[in-house]
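Student: The structure follows.
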Amino acid sequence: MNICIFEDDKYPNLFPLALSRPVFELRTGTQTIREKISRYFPNDSIFLMARDYLIDILKESIENVSFSIPSEPAVFINGRIIPDESLMHSISQLNKGELLFTDSTLIAARVLDGNEFCKKLQEGDFSEFARKEIPAKTILYLWDLIQLNGEEINKEFALFGNTIKSKTNACILNRNQVYIANDVHIMPQVVIDATDGPVIIDAGTTVMPHGYLKGPLYVGKQCLIKANAILYGPTSIGDGCKIGGEVT
């Protein structure tokens, strides 16, 4: 199956973050929206539709996707959705020529010709398609990402599991809600507090002494958490970040 993740005309609502990336590259929880959607289609071809000036950047940073929409049957999925089992089941059950909407927002479409549907998408002309209404979570403003962050971290903790793969002498509260990946370096006098939600520390990250990390919290790969840093959840930190002071 060809899966096309697209931006609709609401992307300016997500400026300034969406100035330098498509909306589906925004993160809530442990993954970007694109990663969340792609997780449901592990064996399918993924195509991305974004503003022209972003394509070269995406080609450098994302592997195993295409940017040329095929003239073949395809499923189009809005890059502002927050996928869950119920929504993705509804999308998988679409018949050809059917569209899913939430209020006035196009959520997904199953079409015979992806390239032709791109033109319909740009024109906003869906008159020849059958339309269904379903409930769905979508991101309309930046604060939606923040409001959903804790819920998404809790939901996605199951993707990691309660495994501590790196040696640490940190003080860990509620260990069964903590995931620490390989190659994580946690220095002395660090407190990891998962009493109110999971704490996930991804590969290659360093946590310097006297840090306090409170869940729900996701720290991405190759990050540096500076000495005496205090991180309160719900918080998500992307890959390669350097964090100091207090984050809440």
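Every number here is computed from the coordinates shown, using simple stated rules; none is lab data. These numbers were taken from a predicted model, which means no experiment stands behind them. Note that each Cβ is placed from the backbone with ideal geometry, even for glycine, and that neighbours are counted across all protein chains shown.
Student: Looking at the chain only, what percent of DSSP beta bridges run antiparallel? Nearest 5 please. Write down the numbers at each step before the final one.
Tutor: On the way: 12 of 52 bridges.
Roughly 25 percent of the DSSP beta bridges within the chain come out antiparallel.
Student: Find the Cα radius of gyration of the chain, compare it with 2.2 N^0.38 Å by division, and give the number to two decimals.
Tutor: So the chain has a normalised radius of gyration of 1.11.
Student: Moving on to the next point. Taking the Cβ of each residue in MET187, MET49 as the centre, tally the other Cβ atoms inside 10 Å and list the residues starting with the fewest.
Tutor: The order, fewest Cβ neighbours first, is MET187, MET49.
Student: While we're on this one: Using just the Cα positions, wrap segment 2-149 in a convex hull and report its mean projected area in square nanometres, one decimal place. Spell out each step's value before the answer.
Tutor: Working: hull surface 33.1 nm².
With the hull built on Cα positions only, its mean projection is 8.3 nm².
Student: Under 13 Å Cα to Cα from LYS226, which aspartates and glutamates show up? Leave out anything in the same chain fewer than 8 places away.
Tutor: GLU246
Student: Given a cut-off of under 8 Å on Cα pairs at least six residues apart, what relative contact order in percent is computed for segment 160-247?
Tutor: Details: 281 pairs, mean separation 18.4, N = 88.
The value is 21 percent.
Student: For segment 46-101, which trypsin sites (Lys or Arg not before Pro) pass both filters: DSSP loop (anything but H, G, I, E, B) and at most 16 other C-beta atoms within 10 Å?
Tutor: Details: sites: ARG51, LYS59, ARG80, LYS96; in loops: ARG51, ARG80, LYS96.
Answer in residue order: ARG51, LYS96.
Student: A further question follows. Going out from 0 in 5 Å bins, what whole percent of all Cα-Cα distances in segment 28-100 drops into each bin?
Tutor: 3, 12, 25, 26, 21, 9, 4
Student: Expressed as a fraction of 2.2 N^0.38 Å, the rule-of-thumb size for a compact globular protein of N residues, what is the C-alpha radius of gyration of segment 160-247? Each step should come with its number before you reach the end.
Tutor: Numbers: Rg = 10.9 Å, N = 88, 2.2 N^0.38 = 12.1 Å.
In units of the 2.2 N^0.38 Å rule of thumb, it is 0.90.
Student: Placing +1 on the Cβ of each Lys and Arg and -1 on the Cβ of each Asp and Glu in the chain, which of ILE77, ILE37, ASN154 has its Cα farthest towards the positive end of the resulting dipole?
Tutor: ASN154
Student: Can you list the lysines whose alpha carbon is less than 18 Å from that of LYS132, not counting same-chain residues fewer than 8 positions off?
Tutor: LYS96, LYS120
Student: Given DSSP loops and a limit of at most 14 other Cβ atoms within 10 Å, what is the longest stretch of the chain that contains no such GluC sites (Glu not before Pro)? Don't skip to the end; give the middle numbers.
Tutor: Numbers: sites that count: GLU63, GLU128.
Longest site-free region, per DSSP loop and neighbour criteria: 129-248.
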